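To keep things clear, I will list the structure first and then write my remarks on it.
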Amino acid sequence: MRNILIARLRSLTLLCTLSLGLTACAFPGVYRLDIQQGNIIEDKDLARVEPGMNRAQVHFVLGTPLSTDTFDPTLEDYIYTLQLGGGEIRRQHVQLVYTPDGTLQEIRKLALLPDEYRTLGKAYRARHKSDAPE
């Protein structure tokens, strides 16, 4: 009698363990992190930068660039990428062109984010439509 109980208990334990193991493989709704990298440049900050400013003034407004061209010191790149929850990667790329003496000559907007992702708050609201802080 006791051997039958032990055998049934082992069978039940094995069945429960296998059931839990199989459900763990198909767990729905895995959370994926939002990944933000680089310098996000908001429209209001970019509007404050004008040709004729020196590098220090531009860096004060926009921060230091993500990369500077080692072959052409007159170029600075402000690159920002955003991936919400493992989805599509959105990219913003603004390139600043300086004269050899360090004066800003041109602002190139090579790739801009859609309007709903231009600020961190807007990007957050795009991901979390209802529970976003104002």
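In segment 5-114, counting only strands (runs of 3 or more DSSP E) that sit wholly within it, the ones holding 2 or more residues that are of a type in the set (Asp, Glu) span 75-83.
Out of all the residues in segment 77-134, which are within 21 Å of Leu33 (Cβ to Cβ), at pLDDT below 65 and of a type outside the set (Ser, Thr, Tyr)? Passing the criteria: Leu120, Gly121, Lys122, Ala123, Arg125, Ala126, Arg127, His128, Lys129, Asp131, Ala132, Pro133.
When segment 42-59 is limited to residues that are more than 22 Å from the chain's Cα centre (by Cα) and exposed (fewer than 15 other Cβ atoms within 10 Å of the Cβ), the one that is nearest to Glu116 (Cα to Cα) turns out to be Ala47. For first residues located in segment 57-75 and more than 20 Å from Lys44 (Cβ to Cβ), partners that are surrounded by 11 or more Cβ atoms within 10 Å (Cβ to Cβ) and among the acidic types (Asp, Glu) and lie 6+ apart or on another chain with Cβ distances below 6 Å form the pairs Ser67/Asp77; Thr68/Glu76; Leu75/Asp69. Has segment 43-57 got any residue that is at pLDDT below 90 and polar (S, T, N, Q)? No - not one qualifying residue is present in segment 43-57. Within segment 80-105, residues that are without any contact (Cβ under 8 Å) to a residue 24 or more places away in the chain sit with their Cβ atoms under 6 Å from residues that are among the basic types (Lys, Arg), at 6+ positions apart or across chains, in these pairs: Gln95/Arg108.
Identify the residue in segment 60-84 that is over 24 Å from Pro114 (Cα atoms) and of a type outside the set (A, V, I, L, M) and, among all such residues, is surrounded by the fewest Cβ atoms within 10 Å (Cβ to Cβ). The residue in question is Phe71.
The values are calculated or read from the model by the stated rules, or taken from the named source; none is laboratory data. Just so it is clear, the model here is predicted, and its values are computed rather than measured. Backbone-built Cβ (ideal geometry, glycine too); neighbour counts: all protein chains shown.
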